[in-house]
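The values are calculated or read from the model by the stated rules, or taken from the named source; none is laboratory data. Every value quoted in this text rests on a predicted model; they were computed, and no experiment measured them. Here Cβ is always computed from backbone atoms with ideal geometry, including for glycine, and neighbour counts include all displayed protein chains. To get the accessible areas, we keep the full protein, side chains included, count just its heavy atoms, and leave off ligands, DNA and RNA. Shrake-Rupley method; radii C 1.70, N 1.55, O 1.52, S 1.80 Å.
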Amino acid sequence: MALYNPKSLKAEEFISHEEILDTLRYAEENKNNVALIDQLLEKARPVYKDGQTTCSGLTHREASVLLACEIPEKIEEMYKLAEEIKQAFYGNRIVMFAPLYLSNYCVNGCVYCPYHAKNKHIARKKLTQEEIRKEVIALQDMGHKRLAIEAGEDPVNNPIEYILECIKTIYGVHHKNGDIRRVNVNIAATTVEEYRMLKEAGIGTYILFQETYHKESYEQLHPTGPKHNYAYHTEAMDRAMEGGIDDVGLGVLFGLELYKYEFAGLLMHAEHLEAVHGVGPHTISVPRIKRADDIDPTVFDNGISDEIFEKIIACIRIAVPYTGMIISTRESEAVREKALNIGISQISGASRTSVGGYTEEERPHDSEQFDVSDQRTLDEVVSWLMDLGYIPSFCTACYREGRTGDRFMSLCKSGQIQNCCHPNALMTLCEYLMDYASEETKEKGFAMIEKELENIPRERTKEIAKEHIIDIKNNGKRDFRF
Ligand code: SAM
């Protein structure tokens, strides 16, 4: 039996199975303990003092009690608190991104993923650099500035040299006023040396989903290939940090294992990163398993309802208040709308999950990774966000200004975020409106910018932002940032 130790570098010690079981027992025993629940909600509430906003967050044990609670009024209070925390640190900005699938060649046997090596009827594709250029032009023509690149694990077809070459190609494409300013990377767990190479290539966040924190299930769900190694996969973020990547993105694939187990494991992973590296995860993603070629999600019997899914999002928001939260087009418009309110700060739009999908007229299904529920265009998503009162942000400033890791976190805590992220969101939205939006979206967007400029607290910043907006609109200038 491995002893629980958040500071350990051994997977089985910082994600201790016994500690999770004990946490779940404690949560079950206390799920109707209203006094404790009230105390936890109070503890997690934002404190506004001397221009600073701070939040203490909750431990995995504490947050698990909230997740276990089934008292409707308390759940309502959780949603309200999650909303308040989100507003305090992320305001009404929603960052936009799109995935770019480079290659679906894969040597692993993940039983939930259509890329698994034994799937002989999926069309295998790997983009050439010329094809990447075309995909990137298509993405730039929609208005995207931030991508998450995705690839299967295959040391022969998709070695690190290929990934690095792709990143270079992506950053090198400048079509009309377009450019990709931040490339996040979602590829299989690798070595410190390769993480260092990714860092040097100028990546934003390194994203790796744990899939499940339950070791035994993990090994069954990944029966073959390098991904079978639970410890190597679970310890990947420590190697990424050692390689100099200080923005890492966690996630589990909900539906594979019991959600309460995954939730505790996810928060323990965040606590571990904080304990060892002094900085928690930059983002947490909440993918749910979807239908795909050769994959029937109903065979995984841990699927969760929309209500539970929403509760998980709210509880993550409360537990790790400074961490960005991402939801993809795996989810429908209705689910995404609720999720935005209670914690999500980043969404994808107009995604194609097939290799080479952006240059195809019709949404191709032959090499898709999963079915996309939200199939709207980026213009439709942007317009919808504004109707809901959110500012769609194409900002990529933080990592370009060196605000990564704990520097980003301290900006988040300092109360200065409103003088920085808010004008950046407005300026990048203005670029989007000028270069890519429909007339209707433009009209809505410019009205929103006018109104939201007034919400920049510092007078001097407000003046500069106004000048930049004029420069973007009237003088063809681009890429301003605070
Ligand atoms: N191959 C890389 C790895 O091993 O981590 C990551 C890239 S993979 C394209 C991105 C993620 O898609 C996986 O980590 C998994 O969580 C998710 N995924 C796989 N199959 C899925 C399915 N059927 N439905 C929803 N998401 C899925």
Legend entry - Distance between region 362-381 and region 419-433 - C-alpha centres, whole angstrom: 26
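Can you tell me the relative contact order of region 397-482? Whole percent, Cα pairs under 8 Å, sequence separation 6 or more. All intermediate terms of the calculation are to be shown ahead of the outcome.
Numbers: 59 pairs, mean separation 32.3, N = 86.
This gives 38 percent for region 397-482.
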Legend entry - Mean-position separation - Cα centroids, region 224-292 and region 443-482, in angstrom: 37
Inset, instruction - Give me the Debye-computed log₁₀ of I(q)/I(0) at q = 0.21, 0.23 Å⁻¹ for region 72-168, equal point scatterers on Cα only, no solvent, two decimals. - result: -1.02, -1.15
Inset, instruction - Note down the relative contact order for region 1-93 as a percent, whole number, built from C-alpha pairs under 8 angstrom at least six residues apart. - result: 24
Legend entry - Å² of accessible area per residue within the chain, as computed with a 1.4 Å probe and no ligands counted: 39
Legend entry - Kirkwood Rh in Å, taken over all unlike Cα pairs in region 1-108: 17.0
Inset, instruction - Place a +1 charge on the Cβ of each Lys and Arg in the chain and a -1 charge on the Cβ of each Asp and Glu, then give the dipole magnitude about the Cα centre in debye, rounded to the nearest 20. - result: 1140
Legend entry - Around ASP471: net Lys/Arg minus Asp/Glu count, Cβ-Cβ under 12 Å: +1
Inset, instruction - Using the charge dipole of region 1-135 (Lys, Arg: +1 at Cβ; Asp, Glu: -1 at Cβ; taken about the Cα centre), state which of LEU66, GLN87, GLY109 has its Cα farthest towards the positive end. - result: GLY109
Legend entry - Under 15 Å, Cβ to Cβ, from VAL335 - net charge with Lys/Arg +1 and Asp/Glu -1: -1
Inset, instruction - Note down the relative contact order for the chain as a percent, whole number, built from C-alpha pairs under 8 angstrom at least six residues apart. - result: 19
Inset, instruction - With a 1.4 Å probe and every protein chain left in place, tell me how much accessible area ARG61 has, in Å² to the nearest 10. - result: 60
Legend entry - No Cys partner within the rule (Cβ under 4.7 Å), the chain: CYS55, CYS69, CYS106, CYS166, CYS315, CYS395, CYS398, CYS412, CYS420, CYS421, CYS430
Legend entry - Burial ranking of peptide ranges 348-354, 369-375, 40-46 (average Cβ count within 10 Å, highest at the top): 348-354, 369-375, 40-46
Inset, instruction - Mind checking which of LEU378, TYR390, SER367 is farthest towards the positive end of region 366-410's charge dipole, using Cβ charges of +1 (Lys, Arg) and -1 (Asp, Glu) about the Cα centre? - result: TYR390
Legend entry - Lys/Arg +1, Asp/Glu -1 at C-beta; region 212-287 dipole; positive extreme among MET241, GLY280, TYR261: TYR261
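What part of the accessible area of the chain, given as a whole %, is carbon or sulfur when the probe is 1.4 angstrom?
Whole-percent figure for carbon plus sulfur exposure: 50.
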Legend entry - Magnitude of the charge dipole, region 181-295, Cβ model with Lys/Arg +1 and Asp/Glu -1, debye to 20: 400
Legend entry - Hits among lysines - C-alpha to C-alpha of LYS74 under 25 Å, sequence gap 8 or more where chains match: LYS31, LYS43, LYS86, LYS260, LYS311, LYS338
Inset, instruction - Please express the Cα-Cα pair-distance distribution P(r) of the chain as a list of whole percents, one per 20 Å bin, running from 0 to the bin with the greatest distance. - result: 24, 60, 16, 0
Legend entry - Value of Rg to Rh for region 220-279 (Rh from inverse mean 1/r over Cα pairs, i.e. Kirkwood): 0.99
Legend entry - Three-way shape label, region 440-481, alpha-carbon gyration tensor, a/c 1.5: oblate
Legend entry - region 100-116 and region 166-223: distance between their alpha carbon centers, rounded to Å: 14
